[in-house]
Amino acid sequence: MSMVSVLAVDLPYWAQSLLRVLGGLVAVLLPAGTIVYVFLFKMMSFMQSRLGPMEAGPYGSMQLFAEVGKWLQKEDIYPERADKFIFKLAPLIVLASTFLLVAVVPFGPDAWFTNFEAGIFYALAVSSVSVLGILIAGWASANKYSLLGGLRAAGQLIAYELPMVLAVIGVVIQAGSMNLQDIVLAQNAGSIFGWDGLGNPYVLTQFVGFIIFMIAVQAELTQAPFDMPIAESELVSGYMTEYSGFRFLIFFIGEFATAGVFAMIASILFLGGWGVPFAWFGWTDMDSVDNWMNIVGPLILFTKMMLVVFVVMWVRFSYPRFREDQLQRFAWKVLIPISLVNIMVTAILKVAF
Amino acid sequence: MSQFLRSYLTVVWFGLAAFLIASLLLGLSALLRPNRPTREKLIAYESGVDPVGEGWSQSQIRYYVFALLFVIFDVEAVFIFPWATQLERYAGFGLVEMGVFVAVLLLGLVYAWRKGVLRWI
């Protein structure tokens, strides 16, 4: 992070890189752990009229550590016909995709790992790397359930990649930049009809885009109602069927860490990211933002992320699964035409005003 | 090395970090876990009965046309992104140009729709 230069410490390149990687580790694992505990353990339990884990620590809060300890001791079984090398590689690719994705998330005015000019473009490109991991996991297992799950996952992620990309274009048109910091700045320093009390969060002006993006995120994360690739009543566990022990846990961590990072990107694109409306403190541009935002910014982003994940999980726990053909029809015949129209309407309004 | 390339080097470190942390945990797990493979454990899981035929069974890949359409639309998105960042400068001219572009693509989608390739058979 360029926080280092704010603190006026001159670190060598390797130390900066080490700090960045450690920061990235926290940025991946902390949201993943929180999401699993708060939503998967507790919220799901409450929505199903039960308490969830209560024994490990107060209100079961140490359950995560117990789980990791348990998974560490599980035997690592792989089918004898499996393609062993890529079978073992697949979970690592899924996790690597999450790490590559978090590299682009800005947490504050100076708290970022990388600040690409084409940041959101990079994020969209890297997010599809996990499909590779899922597809080769399905293929390498030499299991019919896994193969079907992997193929379903590929078909689904292909179909929902497009609405996601097209929904993001609306935001890029409004912000006039693909840089994530510029998008955050444009929302918080913006105004709606001259009123800047809320800035200009794109969830208000790009509402259609936001809905499309959230649906696509739900599908990309293979959360119900889009969980056909791992549909337990049809395919046992889809592409994860043959994975056991810690390799399964890596898939699991990857799934929820990716949920966290996607939620962060959604809040950066549509909810103002790490910022608060700049008018509250009289800031006008990135340079005038006070330094304490580097500390408070990550907390604000984390809060917004939790809100977005709450919605994703709420939908997940509430709706039954789509059928495979319904899923494809919905993407190609509803979401893509709407998002193309959304792009043109946004562009016309942008030029008109 | 320029600042530009350095920021991409960070991406490489992040990718390596993912492999490193996963390998570390898997190594730790290798020290703790038992390893007693038996014949029954290692056969492919098929809901409890003995697996029938090959694991890589023939299955119909229904979405190769979808995949082709996906490539077309993805390339389209690559063209739209730079236009979207510069829309303010191009104004009306850019709007008309992109209107034509998107209209042609929508026409293609409608054609595919009418041809019935958007059905998951």
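The values are calculated or read from the model by the stated rules, or taken from the named source; none is laboratory data. Owing to the predicted nature of the structure, the values given are computational and were not obtained by experimental measurement. All Cβ positions, glycine included, derive from the backbone under ideal geometry; neighbour counts span all protein chains shown. These accessible areas exclude ligands, DNA and RNA; they are computed on the full protein's heavy atoms, side chains included. Shrake-Rupley method; radii C 1.70, N 1.55, O 1.52, S 1.80 Å.
Considering every residue in B:80-92, what mean count of other chain Cβ atoms within 10 Å of its Cβ is obtained?
Mean inter-chain Cβ contacts per residue within 10 Å come to 6.
Between B:L24 and A:L29, what is the label-point separation in nm under the 7 Å Cα-to-beta-carbon projection?
0.7
Can you give me the Cα centroid spacing of segment A:240-294 and segment A:112-138 in angstrom?
Centre-to-centre (Cα) distance: 14 Å.
Take the residue pairs A:K88/A:K333; A:K88/A:K304; A:K42/A:K70; A:K42/A:K84 and return only those whose Cα atoms are more than 31 Å apart.
A:K88/A:K333; A:K88/A:K304; A:K42/A:K84
Using alpha carbons only, how many angstrom separate the centre of segment A:139-178 from the centre of segment A:42-56?
If we compute the Cα centre of each part, the gap is 32 Å.
Hydropathy at least 1.6 by Kyte-Doolittle, axial extent at least 15 angstrom from the Cα trace: which helices of chain B, defined as entire DSSP H runs, fit?
Flagged H segments are B:3-32, B:64-85.
Only Cα pairs under 8 Å and at least 6 apart count here; give the relative contact order of segment A:215-353 as a rounded whole percent.
31
In deg cm²/dmol and to the nearest 500, what is the mean residue ellipticity at 222 nm of the protein assembly as shown if only DSSP H runs of at least 4 residues count, each as -39500 (n - 2.57), divided by the residue total?
-21000 deg cm²/dmol
Give me the tail of P(r) for segment A:64-182 as a percent: Cα-Cα pairs with distance above 23 Å.
Across segment A:64-182, Cα pairs with separations above 23 Å total 48 percent.
Largest first, how would A:D76, B:D50, A:D110 line up by accessible area (1.4 Å probe)?
Largest accessible area first, the list is B:D50, A:D110, A:D76.
So for chain A, averaging the separation of alpha carbon pairs under 8 Å that are six or more residues apart and normalising by length, what relative contact order in percent results?
So the answer I get is 23 percent.
How would you rank A:234-245, B:104-115, highest first, on the average number of other Cβ atoms within 10 Å across their residues? Numbers along the way, then the final one.
Values: A:234-245: 22.8, B:104-115: 13.1.
In descending order of packing, they fall as A:234-245, B:104-115.
How many angstrom lie between the Cα centre of segment A:71-102 and the Cα centre of segment A:187-227?
34
Kindly report the accessible area of chain A per residue (heavy atoms of protein chains, probe 1.4 Å, no ligands, DNA or RNA), in Å².
Details: 13450 Å² over 353 residues.
Per residue, chain A has an accessible area of 38 Å².
Counting each pair of different Cα atoms once, what's the Kirkwood radius of segment A:199-345 in Å, rounded to one decimal?
Numbers: mean 1/r = 0.0572 Å⁻¹.
Mean inverse Cα-Cα distance, inverted, gives 17.5 Å.
Name all residues of segment B:9-49 having a backbone nitrogen under 15 Å from the label point set 7 Å from the Cα of A:Q73 along its Cα→Cβ direction, giving them as ranges.
B:29-35, by backbone N distance to the label point.
For segment B:28-92, which whole percent of the accessible surface, found with a 1.4 angstrom probe, sits on carbon and sulfur atoms?
Carbon-and-sulfur percentage of accessible area, whole number: 61.
Please work out whether segment A:273-353 counts as rounded, prolate or oblate from its C-alpha gyration tensor, where a ≥ b ≥ c are the square roots of the eigenvalues and a/c under 1.5 means rounded, while otherwise a/b larger than b/c means prolate and anything else oblate? Numbers along the way, then the final one.
Details: a/c = 4.48, a/b = 1.51, b/c = 2.97.
Oblate, because a/c is 1.5 or more while a/b does not exceed b/c.
Mind listing the phi-derived Karplus ³J(HN,Hα) values for segment A:334-347, rounded to whole Hz, using 6.51, -1.76 and 1.60 with θ = phi - 60°, and x for any glycine or proline?
Listing the rounded values in order: 10, 5, 5, x, 4, 6, 5, 4, 4, 4, 5, 4, 4, 5 Hz.
Chains B and A: what accessible area do they bury, summed, in square angstrom to the nearest 100, with a 1.4 Å probe?
Working: alone 11400 and 16720 Å², together 21540 Å².
Between B and A, the summed buried area is about 6600 Å².
Which semi-axes, in whole Å and largest first, does the equivalent ellipsoid of the protein assembly as shown have when worked out from the alpha carbon gyration tensor as the square roots of 5 times its eigenvalues?
Ellipsoid semi-axes (Å, largest first): 37, 30, 20.
Threshold 40 Å², probe 1.4 Å: give the residues of segment A:319-333, in number order, that are less accessible with all protein chains present than with their chain alone.
A:Q328, A:W332, A:K333
Rounded, prolate or oblate: which fits segment A:79-352 when a ≥ b ≥ c are the square roots of the eigenvalues of the alpha-carbon gyration tensor, with rounded for a/c under 1.5 and prolate only if a/b beats b/c?
It is prolate, given that a/c is not under 1.5 and a/b is the larger ratio.
Suppose every K and R has +1 on its Cβ and every D and E has -1 on its Cβ; what is the size of the dipole of segment A:247-353 about the Cα centre, in Debye to the nearest 20? Mind dumping the intermediate values first?
Working: 8 positive and 6 negative charges, 118 e Å.
Roughly 560 debye, rounded to the nearest 20.
How much net charge surrounds A:T114 when only the other residues with a Cβ under 15 Å from the Cβ of A:T114 are counted, with Lys and Arg +1 and Asp and Glu -1?
Once positives and negatives cancel, what remains is -1.
Taking Cα atoms of segment B:1-120, Rg/Rh with Kirkwood Rh, to two decimals?
1.20
Once you have the Kirkwood Rh of segment A:104-174 from its Cα pairs, apply Stokes-Einstein at 20 °C and 1.002 mPa s and quote D in µm²/s. Present the calculation step by step, with values, prior to reporting the outcome.
Numbers: Rh = 14.2 Å.
Answer from the Stokes-Einstein relation: 151 µm²/s.
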